[in-house]
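I have placed the structure first, in the form of structure tokens, so that the comments after it can refer back to it.
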Amino acid sequence: MPNKALEELKKPTESGESWWIFTFGFGQKYAGHYVRIWGTYETARQKMIDRYGAEWGFQYSEKRWNEWLEAKPDYIPAETEMEVIG
């Protein structure tokens with residue numbers, strides 16, 4: 001479940017920590033959902049692996065994710081945020 005207060009508190013840091021978005025692929029248990037995780041590229045990825053194993057699709061920076069959302073064709077259904085891990 002999204003935690004907007006947590007999201008607003010955490011802004012990218014000089015150490016490389018920021019929000020990372022992980023999606024689930026077609027046919028996977030959580031297809032059509034995504035998870036937002038705070039950390040560096042590596043620490044966020046490890047948190048995702050610790051929580052969901054290898055059953056996920058892609059890792060996006062928050063900037064790239066937002067660009068994709070703006071450019072997303074209408075025929076692609078919206079994904080649902082499933083969890084925020086801070």
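The values are calculated or read from the model by the stated rules, or taken from the named source; none is laboratory data. These numbers come from a predicted model, not from an experiment. Don't worry about glycine lacking a Cβ; one is built from the backbone with ideal geometry, like all the others, and counts go over all protein chains shown.
Please enumerate the residues belonging to region 39-58 that are part of a loop (DSSP other than H, G, I, E, B) and either within 10 Å of the chain's Cα centre (by Cα) or among the β-branched types (Val, Ile, Thr) (or both).
Restricting attention to region 39-58, the residues satisfying the condition of being part of a loop (DSSP other than H, G, I, E, B) are 40, 53-58.
Hits for region 39-58 are 40, 58.
Scanning region 1-58 for residues that are among the charged types (D, E, K, R) and either at pLDDT below 95 or in contact with a helix residue (DSSP H, G or I) (Cβ under 9 Å, 6 or more places away or on another chain) (or both) yields 4, 7, 8, 10, 11, 14, 17, 29, 36, 55.
Restricting region 19-50 to residues that are crowded, with 18+ Cβ neighbours inside 10 Å and of a type in the set (Phe, Trp, Tyr) leaves a set whose member that is farthest from residue 79 (Cα to Cα) is 38.
Is one or more of the residues making up region 59-70 assigned to a loop (DSSP other than H, G, I, E, B), at pLDDT below 95 and surrounded by fewer than 16 Cβ atoms within 10 Å (Cβ to Cβ)? No, because not a single residue in region 59-70 is assigned to a loop (DSSP other than H, G, I, E, B), at pLDDT below 95 and surrounded by fewer than 16 Cβ atoms within 10 Å (Cβ to Cβ). Beta carbons closer than 7 Å, at least 6 apart along the sequence or on distinct chains, pair a first residue in region 37-62 that is within 13 Å of residue 86 (Cα to Cα) with a second that is surrounded by 13 or more Cβ atoms within 10 Å (Cβ to Cβ) and acidic (Asp, Glu) for 38/17; 39/17; 40/17. Scanning region 52-86 for residues that are farther than 10 Å from residue 19 by Cα, touching a strand residue (DSSP E or B) at 6+ places or on another chain (Cβ under 7 Å) and not aromatic (Phe, Trp, Tyr) yields 57, 59, 79, 80, 81, 82, 83.
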